[in-house]
2 protein chains.
Amino acid sequence: MASQQTTNGQSTISLGQEFTQMVIDATGPKTNPRLREVMSCFIQHIHDFAREINLTADEWMMAVQMINRCGQMSDEKRNEGQLLCDVIGLESLVDDITYTTAVNSGQSVTSSAILGPFYRHDHPIRPNGTTISFDTPADAEPVFMFGRVLSADGKPLANASVEAWQASTNGLYEQQDPNQQDLNLRGKFITDAEGKYSFYCIRPTPYPIPNDGPSGQLLEMLDRHNWRPAHIHLVVQAEGYKPVTTQIFDKDSKYLDDDSVFAVKNNLRVEFVPRKGDPQAALELEYNIGLAPLDK
Amino acid sequence: MASQQTTNGQSTISLGQEFTQMVIDATGPKTNPRLREVMSCFIQHIHDFAREINLTADEWMMAVQMINRCGQMSDEKRNEGQLLCDVIGLESLVDDITYTTAVNSGQSVTSSAILGPFYRHDHPIRPNGTTISFDTPADAEPVFMFGRVLSADGKPLANASVEAWQASTNGLYEQQDPNQQDLNLRGKFITDAEGKYSFYCIRPTPYPIPNDGPSGQLLEMLDRHNWRPAHIHLVVQAEGYKPVTTQIFDKDSKYLDDDSVFAVKNNLRVEFVPRKGDPQAALELEYNIGLAPLDK
């Protein structure tokens, strides 16, 4: 006849590294090797985290509910799980890692993941020198943006595509805002024989990321604001070269040093300067993009 | 006039520890100290993980989508985020940490988080010696379960409550199964003057955790099965004592050594033994529970 007693009254965490190794070793032989590597590392770190901080079941359950709420408010137009990662710097970090890994291993940097939640795949090709700003609000400062797409050794790249998108001065991208026309502040431009592109846009302005979900709640709990510095998104591609996905930041913007999603890098700060003799824009921005060749 | 070049062609991850420290230091002065501590540790580990494994943006986005899907399929009856944590051993770990922390700090172990997704707060109080099994299926083996609730020094505790719940032989808890009556295989029993409780239940059987969501998908990708060994859930409480939330496992069950949620501990294995002269049950289980006093 069995008789067991709980171990109440004792005081040692029994699930140490031996337990973690058991969880890692549960992975079967048919697992993809990369998945095994990633999950082993993740399990090790998440267990170490829990032990280091003495994470309680209540705290863990708060996190679980937060994660569940992220999914519940995500749809085609919104990715709250992504945003939650952004506010702890994770997207910026994997962006950097992906870029570096790709450069080092000779693979392409093709990933829609690092585009942010407001990218659209159907940006219309517009002629160079035209505008992406329609319904331009009265408080917007029009900008003439231009430059060249070049190979790493300085050769101009013709037929490269430059995609640009930005929020309006009310802080909203067109798909968030019923008052903006479809595809407003978005365009794709193809470089000419000299590698040149150009278009009119507006000077970007800071905007807050949504604060109605777990990400906003976390920011508030961490006593942080939810603003992003003024930026324009870019994707630049040319045949035979590694694509570049990036954001460029107005060097005079607020929040450059405390971007709520930690995306600012020093070499991505740009200066909008006065433009003379152009009735369409009193500011201009020259921005050249260098592309590295695809290794084979 | 500004002119910037992307850093394409270079090959150093620029977001190292300095970046991580910046994210940690973004936390404002009004944050709850414990939250600051937990989030600092989490950010450090999740960044270290990403750097150690060279996590790519595509891999990260797969995880984000998995997390979003967890939320999308969770509701009052199902917590897929919890289940996802369970299959990497995290609930078992925080359970252990919480228990140990509470014992060491003199706090109570009151948390609904570690009860698992099938707990109900409205278990009916039933008289000792009665059954929790209604609509008992033909393949079930009835068990007479009994024992005493004791203080750490062996004193019987009267008026302690023993809550028990279990899945039926089809692997489903009553709220998952329209063919079981409400509150089937659930009950709460109050100990008598000698600290004794007793009830009839059924011998538990192994069952698979749901495989229709991200948790099941992860298990499949990790080449693991989704079965749990046979167990009965218990919550035991007495005034002035720390509550115990636990699961007891049939020592002859399959999957004891490879529980898909890693909840088995050696001292929670129990033996169902033959019972003589009882037309209601051919098996019995004696299980005594020791409770530690609440420190003050």
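Take A:VAL162 and tell me if it is away from every other protein chain (no Cβ under 12 Å), surrounded by 20 or more Cβ atoms within 10 Å (Cβ to Cβ) and either assigned to a loop (DSSP other than H, G, I, E, B) or modelled with pLDDT of 95 or more (or both). Yes, satisfied. State which residue is nearest to B:LEU185 (Cα to Cα) when the search covers only segment B:205-227 and only residues that are out of contact with any strand residue (DSSP E or B) (no Cβ under 9 Å at 6 or more places or on another chain) and hydrophobic (A, V, I, L, M, F, W, C). Among those residues, the one meeting the criterion is B:LEU219. Look at (1) in contact with a Leu (Cβ under 7 Å, 6 or more places away or on another chain); (2) over 18 Å from B:GLU80 (Cβ atoms) and you find that B:PRO214 fails only one, number (2). Only one of the listed residues (A:ASN267, A:ASN184, A:ASN211, A:ASN179) is polar (S, T, N, Q), free of Cβ contacts under 8 Å to residues at least 40 places away in the same chain and farther than 22 Å from B:GLN21 by Cβ. That residue is A:ASN211.
Here's the yes/no breakdown for (1) surrounded by fewer than 22 Cβ atoms within 10 Å (Cβ to Cβ); (2) without any contact (Cβ under 8 Å) to a residue 40 or more places away in the chain:
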{"position": "A:GLU194", "(1), (2)": "yes, no"}
{"position": "A:SER215", "(1), (2)": "no, no"}
{"position": "A:LYS251", "(1), (2)": "yes, yes"}
{"position": "A:LEU256", "(1), (2)": "yes, yes"}
{"position": "A:ALA263", "(1), (2)": "yes, no"}
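The number of residues in segment B:227-250 being within 11 Å of chain A (Cβ to nearest Cβ) and part of a loop (DSSP other than H, G, I, E, B) comes to 2.
Inspect segment A:150-168 for any residue being among the aromatic types (Phe, Trp, Tyr) and closer than 30 Å to A:ASN68 by Cβ and give the result as yes or no. For segment A:150-168, residues among the aromatic types (Phe, Trp, Tyr) and closer than 30 Å to A:ASN68 by Cβ: absent. Go through (1) under 24 Å from B:ILE88 (Cα atoms); (2) touching a residue at least 24 places away in the same chain (Cβ under 8 Å); (3) among the small types (Gly, Ala, Ser) one by one and return the number of the condition B:ALA238 breaks. Among (1) under 24 Å from B:ILE88 (Cα atoms); (2) touching a residue at least 24 places away in the same chain (Cβ under 8 Å); (3) among the small types (Gly, Ala, Ser), the lone unmet condition for B:ALA238 is (1). Quick one: would you say B:VAL261 is within 20 Å of the chain's Cα centre (by Cα), more than 9 Å from chain A (Cβ to nearest Cβ), outside any loop (DSSP other than H, G, I, E, B) and at pLDDT below 95? No: the conditions fail for B:VAL261. Residues of segment B:264-296 that are more than 9 Å from every other protein chain (Cβ to nearest Cβ) and in a loop (DSSP other than H, G, I, E, B): B:VAL264, B:ARG275, B:LYS276, B:GLY277, B:ASP278, B:PRO279, B:GLN280, B:ALA281, B:ALA282, B:LEU294, B:ASP295, B:LYS296.
The values are calculated or read from the model by the stated rules, or taken from the named source; none is laboratory data. What you see is a predicted model; the values in this text were computed from it and never measured. Virtual Cβ from ideal backbone geometry, glycine too; neighbours counted across all protein chains shown.
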